[in-house]
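The structure under discussion appears below in the form of structure tokens.
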Amino acid sequence: MPDTRAAAIVLAAGKGTRMKSSHPKVMHRIAGRTLIGHVLDNLAPLDLARVVAVVAPGMDDVTQEVAPHGVAFQTEQRGTGHAVGCARSALADFTGDILVVYGDTPFVSTATLRRMFERRHASDDPAIVVLGMRPVDPSGYGRLVLGADGMLDRIVEHKDATDAERAIGLANSGVMVIDGSVVWSLIDRLDNKNAKGEFYLTDIVALARRDGRRCAVVEAPAEELLGVNSRSELAAAEALFQTRRRMAVMENGATLIDPASVFFAADTRVGRDVVIGPNVQFGPGVEIADNVEIRAFCHIEGARIESGAIVGPFARIRPRTTIGAGAHVGNFIELKATEFGAGAKANHVSYLGDSTIGAKANIGAGTIVCNYDGVNKSRTTIGAGSFIGSDSVIVSPVTVGDGAYVAAGSVITRDVPPDALAVARGQQVDKPGWASRFRARSKKKD
């Protein structure tokens with residue numbers, strides 16, 4: 001049976017020579033997520049029947065990034081119309097609408113794409129809906145030329161435009177929704193008689209008009225259609241994302257003491273009545289519950305922080321870590337793959353890796369969990385209500401029982417029973433008068 005739902009073609013074969021990078025352009029990241037990852041994330045709520053990315057041969061990392069979606073290959077770059085045509089075999093049995101988006105345009109919102117589909121199915125039945133914008137400086141963009149009826153007559157590329165056409169403020173973003181029943185016949189009729197010698201996708205508008213079909217425009221803010229072609233544009237896109245996300249986090253009920261110094265990942269989730277201090281950076285995979293305080297200069301990734309916890313300042317929280325409700329993780333604490341229990345405390349200068357820390361345990365300053373023997377990593381369990389004295393070393397794999405005490409300065413290599421005291425350090429030896437005799441010998445040598 002033919003599939004009549006909408007499909008999307010994501011054009012991602014560009015090498016991005018202006019990036020001066022060995023990586024494909026669409027694999028560069030904003031807020032920890034690839035450019036094409038942002039595009040796919042915006043497509044996901046649309047319930048598309050199929051998504052096909054058009055890539056160049058050898059772009060294996062892009063192929064992996066878009067999986068489980070399929071790919072089509074553009075062996076030579078001959079323009080956007082040619083690129084769309086390369087996806088034909090992947091959509092051969094498809095009869096629904098086809099959305100064309102670009103892998104380097106990460107901010108086209110789901111809401112905007114929905115408006116395009118709604119316009120495509122309006123009563124006047126346009127064959128093509130083009131997404132337009134009105135940038136402050138439209139130089140370099142194609143122009144959308146409207147007819148007297150307000151419908152789209154044609155798109156003219158900047159290099160081929162007359163002075164009068166270049167004076168038009170309505171610019172082409174490149175994003176289109178096309179009637180799937182006519183898309184391939186339009187693509188087949190494209191030619192490359194233009195300033196670039198390429199097959200322009202934009203020329204299908206004029207072809208559809210000649211066939212007596214209407215074409216329409218939906219407008220979106222220019223910043224939503226920001227494309228990334230250089231490192232400076234990548235930085236501008238990062239800044240735009242962070243500004244939007246900071247505002248969204250504050251509007252949702254969190255406090256950012258110095259918003260401009262806080263950086264979020266694309267998937268950071270922040271609850272209400274959270275307070276985030278200056279110079280905090282979130283990597284991917286962070287969830288913060290309500291009523292959490294993140295103090296200044298923390299770096300957090302791949303972690304869940306439960307309600308009422310206090311983290312930092314200067315804490316590093318690494319992936320696969322959970323910080324329990326009401327726990328305190330203080331300055332210069334590093335946690336990695338650790339379950340840090342509710343109400344537990346580690347306030348000063350410690351490393352706790354591959355560990356389970358029980359509820360209300362107290363970890364003294366300078367505690368180190370030695371989780372790596374040079375070959376394997378092993379886990380340590382520190383029981384609920386236990387007390388680890390300052391400057392202790394816990395050599396994994398070890399279990400410290402509930403309520404046990406470890407004396408300061410101990411090196412623990414065996415399990416400690418519950419409620420026991422473990423002392424594992426050299427016995428103190430005092431030698432009366434040794435210091436004065438040492439100083440006297442040293443003075444004679446001088």
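The values are calculated or read from the model by the stated rules, or taken from the named source; none is laboratory data. Since the structure is predicted, the reported quantities are computational estimates derived from the model, not experimental observations. Backbone-built Cβ (ideal geometry, glycine too); neighbour counts: all protein chains shown.
On the given criteria, is THR75 under 20 Å from VAL175 (Cβ atoms), of a type in the set (S, T, N, Q) and assigned by TED's automatic domain parsing to the domain that holds PHE199?
Working: under 20 Å from VAL175 (Cβ atoms): no; of a type in the set (S, T, N, Q): yes; assigned by TED's automatic domain parsing to the domain that holds PHE199: yes.
Against the criterion (under 20 Å from VAL175 (Cβ atoms), of a type in the set (S, T, N, Q) and assigned by TED's automatic domain parsing to the domain that holds PHE199), THR75 does not qualify.
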Wholly inside the stretch 1-118, helices (runs of 4 or more DSSP H) that include 2 or more residues that are charged (D, E, K, R) and under 20 Å from the mean Cα position of the chain (by Cα) are 60-66
Next on the checklist: Going residue by residue through the stretch 105-118, is there one that turns out to be at pLDDT below 95, farther than 20 Å from ARG50 by Cα and either of a type in the set (Phe, Trp, Tyr) or out of contact with any helix residue (DSSP H, G or I) (no Cβ under 6 Å at 6 or more places or on another chain) (or both)?
Outcome noted: no
The condition from (1) under 30 Å from SER89 (Cβ atoms); (2) small (Gly, Ala, Ser); (3) assigned to a strand (DSSP E or B) that SER181 misses is numbered (3)
Scanning the stretch 246-281 for residues that are more than 15 Å from VAL292 (Cβ to Cβ), in a loop (DSSP other than H, G, I, E, B) and among the charged types (D, E, K, R) gives ASP258, ASP267
Checking GLY283, GLY302 in turn, the sole residue that is assigned by TED's automatic domain parsing to the domain that holds PHE241, under 20 Å from GLY330 (Cα atoms), in contact with a Ser or Thr (Cβ under 9 Å, 6 or more places away or on another chain) and touching a residue at least 40 places away in the same chain (Cβ under 8 Å) turns out to be GLY283
Within the stretch 370-407, residues aliphatic (A, V, I, L, M) and either touching a helix residue (DSSP H, G or I) at 6+ places or on another chain (Cβ under 8 Å) or crowded, with 16+ Cβ neighbours inside 10 Å (or both) come out as ILE382, ALA384, ILE388, VAL393, ILE394, VAL395, VAL398, VAL400, ALA404, VAL406, ALA407
Reported set for the stretch 1-30 where residues are in contact with a strand residue (DSSP E or B) (Cβ under 8 Å, 6 or more places away or on another chain), modelled with pLDDT of 95 or more and not β-branched (Val, Ile, Thr) is ALA7, ALA8, LEU11, ALA12, MET27, HIS28
